[in-house]
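Okay, so here's the structure we're looking at.
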Amino acid sequence: SDAPLARSAAKDRLNWCLDEGTVIYTKHFREELVNDGFSMEDVLFVCRSGTILMAPEQDTQVGALEVQIEGKTLDMRGAAIVFALRPQQAVLITVFERK
């Protein structure tokens, strides 16, 4: 399996979901967003400009690919976002600061 291809395809699908599909924000994600002092603008910026370092993993419980994207926010804080990809939607699971 070509991991770089899987990573770039996952990022393309995330951005497609942001533009044309559906994005679901879990309760946990919304709580962590507030706890870490991130804005939705930060999250969208990381989703667009960040890097997926590890190959997406199939999450059998959710029946979706689970992916982590990392990058810098608008004010240059490190952030990581974990999301699940379904055919037409991205589910944002959590966000946390990366020093």
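The values are calculated or read from the model by the stated rules, or taken from the named source; none is laboratory data. Predicted, not measured: the structure shown is a model, and the values here were computed from it. Every residue, glycine as well, gets a Cβ built from its backbone with ideal geometry; the counts of neighbours run over all protein chains shown. The area values use the complete protein model at the heavy-atom level, side chains included, leaving out ligands, DNA and RNA. Shrake-Rupley method; radii C 1.70, N 1.55, O 1.52, S 1.80 Å.
Brief remarks on what is shown
- Heavy atoms of L53: accessible area, 1.4 Å probe, square angstrom to 10: 100 Å²
- Helices that extend 27 Å or more along their long axis by alpha-carbon positions and average at least 0.0 on the Kyte-Doolittle scale are absent among the DSSP H runs of the chain.
- Charged-residue dipole, Cβ positions (Lys, Arg, Asp, Glu), the chain about Cα centre, Debye nearest 20: 60 debye
- Taking Cβ atoms as reference points and 12 Å as the exclusive limit, the residues near L33 contribute a net charge of -4, counting Lys and Arg as +1 and Asp and Glu as -1.
- Solvent-accessible area, 1.4 Å probe, carbon plus sulfur percent, for the chain: 54 percent
- R30 contributes about 120 Å² of solvent-accessible surface, heavy atoms of the protein only, 1.4 Å probe.
- Accessible area per residue for the chain, computed on protein heavy atoms with a 1.4 Å probe, is 58 Å².
- In Å², nearest 10: area of K27 left accessible to a 1.4 Å probe: 130 Å²
- For the chain, calculated [θ]222 nm from helices alone, where every DSSP H run of n ≥ 4 adds -39500 (n - 2.57): -11500 deg cm²/dmol
- Label sites at A9 and L74, each approximated as a point 7 angstrom past Cα along Cα to Cβ, lie 3.4 nm apart.
- Candidates E66, E41, E32: whichever shows maximal mean-square fluctuation once the chain is modelled as a Gaussian network with Cα springs under 10 Å: E41
- Matching label, P(r) over Cα pairs in 5 Å bins from 0, in percent computed from the structure shown, candidates (i) 3, 14, 26, 27, 19, 9, 2, 0; (ii) 3, 13, 22, 23, 20, 13, 4, 1, 0, 0; (iii) 2, 11, 18, 22, 20, 13, 7, 4, 2, 1: (i)
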